[in-house]
Amino acid sequence: MAKARNSYICQACGAVAPRWQGKCESCGAWNTIIEETAAAAAVPVAQRSSRKGRSILLESLAGKGEEAPRTPAGIAEFDRVTGGGFVRGSVLLLGGDPGIGKSTLLIEVAAKLAQQGKRVVYVSGEEAVAQVRMRAERLALSKAPVELAAETNVEDIIATLGEGPAPSLVVIDSIQTMWTETVDSAPGTVTQVRGSAQALLRFAKKTGATIVLVGHVTKDGQIAGPRVVEHMVDAVLSFEGEGSQQFRILRALKNRFGPTDEIGVFEMTGRGLSEVENPSALFLSDRDLGSPGTAVFAGIEGTRPLLVEIQALVAPTALGTPRRAVVGADGSRLSMILAVLEARCGVRLSGHDVYLNVAGGLRIAEPAADLAIAAALVSSLSGSSLPQDAVYFGEVSLTGAVRAVPQGAARLKEALKLGFSRAVVPESGKAERVEGISMTTVAALDRLVADIAARSPKGLRAAAGRGEDG
Ligand code: TYD
Ligand code: MG
């Protein structure tokens, strides 16, 4: 008889290797392969049932689609991200750095739902009941009828949840601490995490309860171990923010029942997380007015317009290879804009270090930010500050043309609301006028560069280090 073989499983991506190795060939991570016993996985062929498949009823797409019934948590910024509330029987994964506020957010959501008369169970595998209570007390939520437990065994948790009416919401904090008896591996390994998540998933589908799993994130931003869980769950939410700042951003990375581009903005205060209804005002609150190198970008996050300040610092380099450092935006996008500035607009940056930062800890992915990034870069290089009452948006193409971006009117309205009176936009943006905002259209990036250089006291050429003439 074949003896039970152990498998070697990468704890980062779940790939199975034939033997132990230092590097996972599937995801390239080092030192992530761990030996796990595979006893539960292998069912002898002879024991597998040999029944014939039974025919199932096939239906048409056009049938009466019942709208997935949703339970809003009653916290607008949270419901915005889930797509309008929790869907019955769904499983969500909430990832985020340790200490970012996942437990705080979920205890607030749990309390809100419990106060509406729903059955809510909060299971902590990391903290003792007294610690969770202490936090609830600080948040002034200890009166909410949330059922609390400190437990890590999935079978016990499911048996407990099965008693009484089916819960509306179950919070499992965190999935990495859970273990199931059906798997032999140690708690925290991929096999355990996957097994526990599967058991909880079956419970959710069977009873209609919504389950939120908390997952830790590793240094490089992956949800540790349970990357394998990401495929199983209905939605993956990520809670982000710079530890030193009080803003926290909730984002959906995957959502089977809603959009993935909405963000929820929170502020961490001494009394828990509070919702930020007007994030633009917050992100622009301590703007450094009048200094070169900053431009305000009128962006769109999901359905909501959002203004953010883009800061650039361009300084002569002391090194052979100049530095390029980016926080809050895409590094390859910056490289592209720098290349277009060099090749199409004659702006020499190869002898300069370039630093780019999106204020407030926000991360922007929209190509519409290109024009604002270019404006901030050229402003810093030339030492001339941009008009304080102007916003920028537009996508830069490799030819140096400035392309149209969607939802121009929404961006302009948000700018007007926050007291801006000028906008620098692509040529085609003229169609979308908003009363009270004067528009400057730029068809190509060199036009923007020329405009900024004209305002510069020292001129762009001198600043760019081509000082032959001076
Ligand atoms: P927590 O929810 O425990 O983080 P996570 O579950 O993601 O690890 O939040 C921990 C941090 O939040 C902690 O460093 C202190 C801060 N915090 C506040 O600033 N105010 C509060 O009211 C609470 C409860 C926490
Ligand atoms: Mg926690």
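For the stretch 129-139, the candidate set comprises residues that are touching a Leu at 6+ places or on another chain (Cβ under 8 Å) and open to solvent by less than 80 Å² (accessible area, probe 1.4 Å); within that set, the residue that is nearest to ligand 1 (Cβ to nearest atom) is Val132.
For Gln198, indicate whether it is out of contact with any Lys or Arg (no Cβ under 8 Å at 6 or more places or on another chain), within 24 Å of Glu301 (Cβ to Cβ) and away from ligand 2 (no atom under 16 Å from the Cβ). For Gln198, the condition - out of contact with any Lys or Arg (no Cβ under 8 Å at 6 or more places or on another chain), within 24 Å of Glu301 (Cβ to Cβ) and away from ligand 2 (no atom under 16 Å from the Cβ) - is not met.
Being within 16 Å of ligand 2 (Cβ to nearest atom) and in contact with a Gly (Cβ under 9 Å, 6 or more places away or on another chain) holds for only one residue in Leu105, Leu113, and it is Leu105.
The C-beta contact set for the stretch 269-294 (first residue free of Cβ contacts under 8 Å to residues at least 60 places away in the same chain, second residue in a loop (DSSP other than H, G, I, E, B) and more than 16 Å from ligand 2 (Cβ to nearest atom), distance under 8 angstrom, 6+ apart or interchain) comprises Thr269/Gln246.
Here is a list: Gly188, Gly195. Which entry is within 27 Å of the chain's Cα centre (by Cα), part of a loop (DSSP other than H, G, I, E, B) and under 25 Å from Ala15 (Cα atoms)? I'd like the intermediate steps shown before the answer.
Working: Gly195 fails: part of a loop (DSSP other than H, G, I, E, B).
So the residue among Gly188, Gly195 that is within 27 Å of the chain's Cα centre (by Cα), part of a loop (DSSP other than H, G, I, E, B) and under 25 Å from Ala15 (Cα atoms) is Gly188.
Screening the stretch 236-354 for strands (runs of 3 or more DSSP E) wholly inside it with 2 or more residues that are open to solvent by less than 10 Å² (accessible area, probe 1.4 Å) and hydrophobic (A, V, I, L, M, F, W, C) returns the ranges 247-255, 263-269, 294-301, 304-316.
What residue, among those in the stretch 78-102 that are part of a strand (DSSP E or B) and of a type in the set (Gly, Ala, Ser), is nearest to ligand 2 (Cβ to nearest atom)?
Applying the filter and picking the extreme gives Gly96.
I'd like the residue in the stretch 198-216 that is of a type in the set (A, V, I, L, M) and outside any loop (DSSP other than H, G, I, E, B) and, out of all such residues, is nearest to Ser7 (Cα to Cα). Only one residue tops the list, namely Ala199. Look at Ser174 and say whether it is touching a Phe, Trp or Tyr at 6+ places or on another chain (Cβ under 8 Å) and of a type in the set (S, T, N, Q). It is false that Ser174 is touching a Phe, Trp or Tyr at 6+ places or on another chain (Cβ under 8 Å) and of a type in the set (S, T, N, Q). Inspection of the stretch 80-94 finds no residue satisfying the criterion of being near ligand 1 (Cβ under 8 Å from one of its atoms) and within 15 Å of the chain's Cα centre (by Cα). Would you please name the residue that is most open to solvent (accessible area, probe 1.4 Å), looking only at residues in the stretch 83-128 that are without any contact (Cβ under 8 Å) to a residue 60 or more places away in the chain and on the phi > 0 side of the Ramachandran plot? If we take residues in the stretch 83-128 being without any contact (Cβ under 8 Å) to a residue 60 or more places away in the chain and on the phi > 0 side of the Ramachandran plot, then Gly117 is most open to solvent (accessible area, probe 1.4 Å).
Just one of the numbered conditions (1) in contact with an Asp or Glu (Cβ under 7 Å, 6 or more places away or on another chain); (2) within 16 Å of ligand 1 (Cβ to nearest atom) is not true of Ser142: (1). Filtered by the rule that a residue be within 15 Å of ligand 2 (Cβ to nearest atom) and in a helix (DSSP H, G or I), the stretch 131-183 gives Gln131, Val132, Arg133, Met134, Arg135, Ala136, Arg138, Ile175, Gln176, Thr177.
Which count do you get for residues in the stretch 260-296 that are on the phi > 0 side of the Ramachandran plot and more than 15 Å from ligand 1 (Cβ to nearest atom)? Qualifying residue count, the stretch 260-296: 2.
The values are calculated or read from the model by the stated rules, or taken from the named source; none is laboratory data. What you are looking at is a predicted structure, and each value in this text was computed from that prediction instead of being measured. Note that each Cβ is placed from the backbone with ideal geometry, even for glycine, and that neighbours are counted across all protein chains shown. These accessible areas exclude ligands, DNA and RNA; they are computed on the full protein's heavy atoms, side chains included. Shrake-Rupley method; radii C 1.70, N 1.55, O 1.52, S 1.80 Å.
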